[in-house]
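Let me begin by presenting the structure, written as structure tokens, before commenting on it.
Only the coordinates and a few stated rules stand behind these numbers; no lab work does. Fair warning: this is a prediction, and the values are worked out from it, not measured in the lab. Using ideal geometry, Cβ is built from the backbone for each residue, glycine included, and neighbour counts are taken over all protein chains shown.
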Amino acid sequence: MTAKLTVARLDKRFDALEALRAIDISVAPGEFISVVGPSGCGKTTFLRIVAGLEAATAGQVLIDGRAVTGPGSNRGFVFQNDNLLPWRTVLGNAMIGPEVAGRAGAAEKRRTLDLLRLVGLEGFEDYHPRQLSGGMRQRVNLARALAIDPDILLMDEPFSALDAQTREIMQTELLRIWEQGRKTVLFVTHQIDEAVFLSDRVLVFARRPGRLQESVDVTLPRPRALAIKRTPEFVRYVDHIWRLIEDDVRASVIEERA
Amino acid sequence: MTATGIEANDNAAGAPRPVRHRAAPPRRIHVAGLVSVVTGLLLWELLSRFVIANPLFLAAPTQIVAAILSLARSGELGHHVAISGLEFAIGYVLASIIGIALGLAVASSATVKRACQPWISGLYATPTIALAPLFILWFGIGIWSKVLVVIFLVLFPVTINTEAGLRTTSPRLIEMLRSFGATPRQIFLKVSLPSATPFILAGLKLGIGRGLIAVVVAELFGSRAGLGRLISQSADAFNMPELFAGVIVLAVAGIVMTAGFSWIERTLVPWTRD
């Protein structure tokens, strides 16, 4: 199968800081990929470059063989902070993508309403963000990215601001939604168990400079239920990834404290 | 998406549930305000009748009400209110338009900002009301000299707030829109302008009080009619009830307009309430 997304010899520098060095990745259509690593490993920068929000210093990002030069409707970005517009309703927020693209017609509205139902927000279309809980706001965030019907979903630690229980629910919800459409997903997180639970493959990044340390294939059967997190197989994956990044995490923690 | 999926989701711990609005403040607060005002008026009445007991120095609330009624009946009050109201309205509307436009211009370009900032900051800090005699000298004692004073006092808070509102637009929201490939124009219309609206409204609200001060003080310096004229005439004649009548009418106008503005804010920018 030809790759949906190809990242070739990607470098990123912020002045003296080498954020990413020589990243090479190939992602198949419909693959669910997570990126984990200690803070400062450049995983969010990597996602932003794929999104076209940040330019690479060297190297290329190709989607369906075409080079990425900026944001585009073939990618939907789910932000860490929900970034909802407080003056818009849930539906109005979810419709922003089609609206910007100049096709906010009745058909798009119907499709967006279907998406809101898919993410579990039926009946909340006319609510404003301030009336919603954190978990619900992230559902809107996800529906907003899906509303432009992107080929690739880019998710930047979308559940990191949620409490532990809500986060687990949202993980199963995300898998349920993903099973419906099987979009290609690039999911950045610092939770190893979250990455293993969701993904077909976990890309483990190292820091200083940010680079791809190892690509771990997760062959756990799908569909996955939360109970899978307690199986020895699942724990083995988590342990393996944790050992890969442990030293880096310790170093970054000490650095942050200093 | 199947029906069972929705049900499963609704039963989940993280399932959406509507968040209740905060309850309205208890009734006691309104009562406390009312009691405070009534007590104040009563003390004022007693003080002016029995302690000061000199109508050349202080008028009692009942005398003021009588003065307002008699001025209203003769049509004199209506004339003063109409003139002051016209001066205020023309000046306020012009200042709002110019102020918002200037704020947009300053926010849109660093060069414009550097060029305008010293003037805006300088004139905002200057008590420009002191220029009223000069404007009267230039434009006569008719309404236009007052309109100009109103513009000078209302313009700068509106400009400064418009610029601040646009400047403090969340970079995250701008980036969100950028991720959808939005043009700068779309970013302005869909994010910057709505998020600056509460600031612009706050500037306009601030302008009400300043505009009223401008009208009255400019009229004190020289005018044929208006509430400021009524006040200065009454002061010259030691007619305290009519002097206070003018002041009270102004106070009521200020309170009503500010309250009306708060209502507009609640309607237009409800997301700033919480």
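If I model a spin label as a point 7 Å beyond the Cα along the Cα-Cβ vector, how far apart are those points for B:Thr126 and B:Arg167 in nm?
2.1 nm
For q values of 0.09 Å⁻¹, compute log₁₀ I(q)/I(0) with the Debye formula on a Cα-only model of the protein assembly as shown, without solvent.
Debye output, listed in q order: -0.80.
FRET efficiency for B:Val38 and B:Ala89, Cβ-Cβ distance as r, R0 = 30 Å, nearest 0.05?
Result of the calculation: an efficiency of 0.35.
For the stretch A:1-102, what is the relative contact order in percent, using Cα pairs closer than 8 Å and at least 6 residues apart in sequence?
After rounding, I find 26 percent.
Which aspartates and glutamates have a Cα lying under 16 Å from the Cα of A:Lys12, excluding residues fewer than 8 positions away in the same chain?
Within the straight-line limit of under 16 Å, A:Lys12 reaches these aspartates and glutamates: A:Asp24, A:Glu54.
Not counting the cut sites, what is the longest span of chain B without trypsin sites (Lys or Arg not before Pro) that DSSP labels loop and that have at most 16 other Cβ atoms within 10 Å?
The longest such stretch corresponds to B:23-223.
Tell me, what is the Rg over Rh of the stretch A:133-258, with Rh the Kirkwood radius over Cα pairs?
Expressed as Rg/Rh, it is 0.97.
What is the distance, in nm, between label points placed 7 Å from the Cα along the Cα-to-Cβ direction at B:Arg73 and at B:Ala235?
Label at B:Arg73, label at B:Ala235, 2.8 nm between them.
If the viscosity is 1.002 mPa s and the temperature 20 °C, what Stokes-Einstein diffusion coefficient in µm²/s follows for the stretch B:203-274 when Rh is the Kirkwood radius over Cα pairs?
158 µm²/s
What do you get for chymotrypsin sites (Phe, Trp or Tyr not before Pro) in the stretch B:175-274 restricted to DSSP loop and a cutoff of at most 14 other Cβ within 10 Å of the site's Cβ?
Filter output for the stretch B:175-274: B:Phe238.
Got the relative contact order for chain A handy, in percent, Cα pairs under 8 Å and 6 or more residues apart?
Result for chain A is 27 percent.
What's the center-to-center distance, using Cα atoms, between the stretch A:184-258 and the stretch A:1-39 in Å?
15 Å
Compare B:Leu153, B:Leu34, B:Leu134 in a GNM of chain B, Cα atoms joined below 10 Å, and give the one with the largest fluctuation.
Highest fluctuation among the options: B:Leu34.
Return the single residue from B:Ala225, B:Ala59, B:Ala182 with maximal mean-square fluctuation; model: Gaussian network over chain B, springs between Cα atoms under 10 Å.
Highest fluctuation of the listed residues: B:Ala182.
Taking every Cα atom in chain A, find the radius of gyration and the maximum pairwise distance Dmax, and write them in Å.
18.2, 55
Which one of A:Ile169, B:His79, A:Ser199 is farthest out on the positive end of the charge dipole of the protein assembly as shown, using unit charges on Cβ (Lys, Arg +1; Asp, Glu -1) and the Cα centre as origin?
In the protein assembly as shown, that residue is B:His79.
Given the rule -39500 (n - 2.57) for each run of at least 4 DSSP H residues, summed and divided by the residues of chain A, what is its mean residue ellipticity at 222 nm, to the nearest 500 deg cm²/dmol?
Result for chain A: -11500 deg cm²/dmol, rounded to the nearest 500.
Can you give the convex hull volume per residue for the Cα atoms of the stretch B:81-238, as a whole number of Å³?
It comes to 111 Å³ per residue, whole-number rounded.
Which whole-number value in Å³ per residue fits the convex hull of the alpha carbons of the stretch B:120-165?
Each residue corresponds to 59 Å³ of Cα convex hull volume.
Please order B:Leu41, A:Leu116, B:Leu250 by the number of other Cβ within 10 Å, starting at the fewest.
B:Leu41, B:Leu250, A:Leu116
About its Cα centre, what dipole magnitude does the stretch A:8-47 give when the only charges are +1 on Lys and Arg Cβ and -1 on Asp and Glu Cβ, stated in debye to the nearest 20?
40 debye
Suppose a student asked you for the relative contact order of the stretch A:122-258, using Cα pairs under 8 Å spaced at least 6 residues apart; what percent would you report?
RCO, the stretch A:122-258: 18 percent.
Starting from the alpha-carbon convex hull of the stretch A:157-219, give the projected area averaged over all orientations, in nm².
Result: 4.8 nm².
For chain A, with a Gaussian network of springs between Cα atoms less than 10 Å apart, report the residue from A:Pro209, A:Pro150, A:Pro221 with the top mean-square fluctuation.
Evaluated over chain A, the most mobile residue of the options is A:Pro221.
If you put +1 on each Lys and Arg Cβ and -1 on each Asp and Glu Cβ, how big is the dipole of the protein assembly as shown around its Cα centre, in Debye rounded to 20?
Dipole about the Cα centre, nearest 20: 400 debye.
If you restrict to DSSP beta bridges whose two residues both lie in the protein assembly as shown, what percentage is antiparallel, to the nearest 5?
55 percent
Taking all pairs of different Cα atoms in the stretch B:31-138, averaging 1/r and flipping that mean, what Kirkwood radius in angstroms comes out?
Its Kirkwood hydrodynamic radius stands at 18.9 Å.
Straight-line reach only, C-alpha to C-alpha below 14 angstrom: list the aspartates and glutamates that B:Lys205 could link to, leaving out same-chain residues fewer than 8 apart.
Within the straight-line limit of under 14 Å, B:Lys205 reaches these aspartates and glutamates: B:Glu265.
What ranking of B:Tyr124, A:Tyr237 emerges when the number of other C-beta atoms within 10 Å of each C-beta is taken as an exposure proxy, fewest first?
B:Tyr124, A:Tyr237
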